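First comes the structure, then the notes that go with it.
The values are calculated or read from the model by the stated rules, or taken from the named source; none is laboratory data. Everything numeric here is computed off the predicted structure, so don't read it as measured data. Every residue, glycine as well, gets a Cβ built from its backbone with ideal geometry; the counts of neighbours run over all protein chains shown.
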Amino acid sequence: MSKAIRNIKTITGRDNKPINIIIPAAILDSKNKNFGPQSLVKLQKNLTILDYQVRIIREQFTQANIILVSGYDHVNVLNNSPENIIHIENPLFETTNIVKNITIGLKACTTDRVLIIYGNLIFNRAIVKYKFDKQSLIFLDSTKETTEDDVGCSINDGYIEHILYDLPNKLTQIIYLTGKELELYKKLVYTTNIDTMLDFEIINNIIKNNGQFLAVQNENIRTFNITSYKQVARIQDILEENICQ
């Protein structure tokens, strides 16, 4: 089994080619329901996760359509969102999954480049500065911290071979779809019963149908999945690096 490709590139300037960015943020976290929607968790003062995501995205993708799919406490999310993003409500958020939220976002996409960034994810500038071109890809976590609930992948010649729980090469929640993989993704979610499907099962299905996802991992890429307020303290270095510049 080959190791992940170590893609370290310096990208200058801003990306003004047409791209849609989907932020699925409709899921209700029952463990932290009293804290409200995860996308509105405050990181610093009045800065929420959603504010942070949109700020970092807009630095690189000035003309992108940012599509936010919300559900739980939708009105609160709508009233506390940054300007110039597209809002779509999933009224069935309590009985549908993350794949459904992505599918709703895809129906509003108008380009052949789609970047999916989960709504409770903190990431640094190295993510958005990557050159999103003609190859679909998935970012891998550069840290070695894993749990039995984490999803990892096997890799062959730099491309993802299979995704499953408890594999090495931990996946982030950032996926770039274009070309054949985008078309296969749409075909699967538009024509299949996706109510019980996990997000990585869709990717595995695409790979089985000869789709390819480049595995992107390097020490410059940093992500952190926020599931509670207690975790905010752990990401202050990422925030300082990317906000105070």
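Output the number of residues of region 22-40 satisfying the condition of being at pLDDT 80 or above and assigned to a loop (DSSP other than H, G, I, E, B).
Step one: list which residues in region 22-40 are at pLDDT 80 or above, which gives 22-26, 37-40.
Within this subset, residues satisfying the condition of being assigned to a loop (DSSP other than H, G, I, E, B) are 26, 37.
Final tally of qualifying residues: 2.
Here are some conditions: (1) of a type in the set (S, T, N, Q); (2) touching a strand residue (DSSP E or B) at 6+ places or on another chain (Cβ under 9 Å); (3) buried (at least 18 other Cβ atoms within 10 Å of the Cβ). Thr96 meets all but one. Which one does it not meet?
(2)
Taking Glu161, is it of a type outside the set (Lys, Arg), over 14 Å from the mean Cα position of the chain (by Cα) and either at pLDDT 90 or above or under 27 Å from Arg14 (Cβ atoms) (or both)?
Criteria met by Glu161.
Here's the yes/no breakdown for (1) modelled with pLDDT under 85; (2) surrounded by 17 or more Cβ atoms within 10 Å (Cβ to Cβ); (3) of a type outside the set (Asp, Glu):
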{"residue": "Tyr130", "(1), (2), (3)": "no, yes, yes"}
{"residue": "Glu145", "(1), (2), (3)": "yes, no, no"}
{"residue": "Gly152", "(1), (2), (3)": "no, yes, yes"}
{"residue": "Tyr165", "(1), (2), (3)": "no, no, yes"}
{"residue": "Thr191", "(1), (2), (3)": "no, no, yes"}
{"residue": "Ile203", "(1), (2), (3)": "no, yes, yes"}
{"residue": "Glu219", "(1), (2), (3)": "yes, no, no"}
{"residue": "Ser228", "(1), (2), (3)": "yes, no, yes"}
{"residue": "Val232", "(1), (2), (3)": "yes, yes, yes"}
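Can you name every residue in region 176-225 that is in contact with a helix residue (DSSP H, G or I) (Cβ under 8 Å, 6 or more places away or on another chain) and aliphatic (A, V, I, L, M)?
Leu177, Leu184, Leu188, Val189, Ile194, Met197, Leu198, Ile202, Ile206, Ile221
State yes or no: is Lys186 basic (Lys, Arg), touching a residue at least 60 places away in the same chain (Cβ under 8 Å), surrounded by fewer than 17 Cβ atoms within 10 Å (Cβ to Cβ) and under 21 Å from Val99 (Cβ atoms)?
yes
Residues that are farther than 18 Å from Asn65 by Cβ: which strands (runs of 3 or more DSSP E) entirely in region 87-142 hold 2 or more of them?
Passing ranges, in order: 121-123, 137-140.
Quick one: Pro91 ticks every box in (1) closer than 23 Å to Arg55 by Cα; (2) touching a His at 6+ places or on another chain (Cβ under 9 Å); (3) surrounded by fewer than 18 Cβ atoms within 10 Å (Cβ to Cβ) except a single one, so which number is it?
With (1) closer than 23 Å to Arg55 by Cα; (2) touching a His at 6+ places or on another chain (Cβ under 9 Å); (3) surrounded by fewer than 18 Cβ atoms within 10 Å (Cβ to Cβ) applied to Pro91, the lone miss is (1).
State whether one or more residues within region 68-79 are more than 16 Å from Tyr176 (Cβ to Cβ), buried (at least 21 other Cβ atoms within 10 Å of the Cβ) and not aliphatic (A, V, I, L, M).
Taking every residue of region 68-79 in turn, at least one turns out to be more than 16 Å from Tyr176 (Cβ to Cβ), buried (at least 21 other Cβ atoms within 10 Å of the Cβ) and not aliphatic (A, V, I, L, M).
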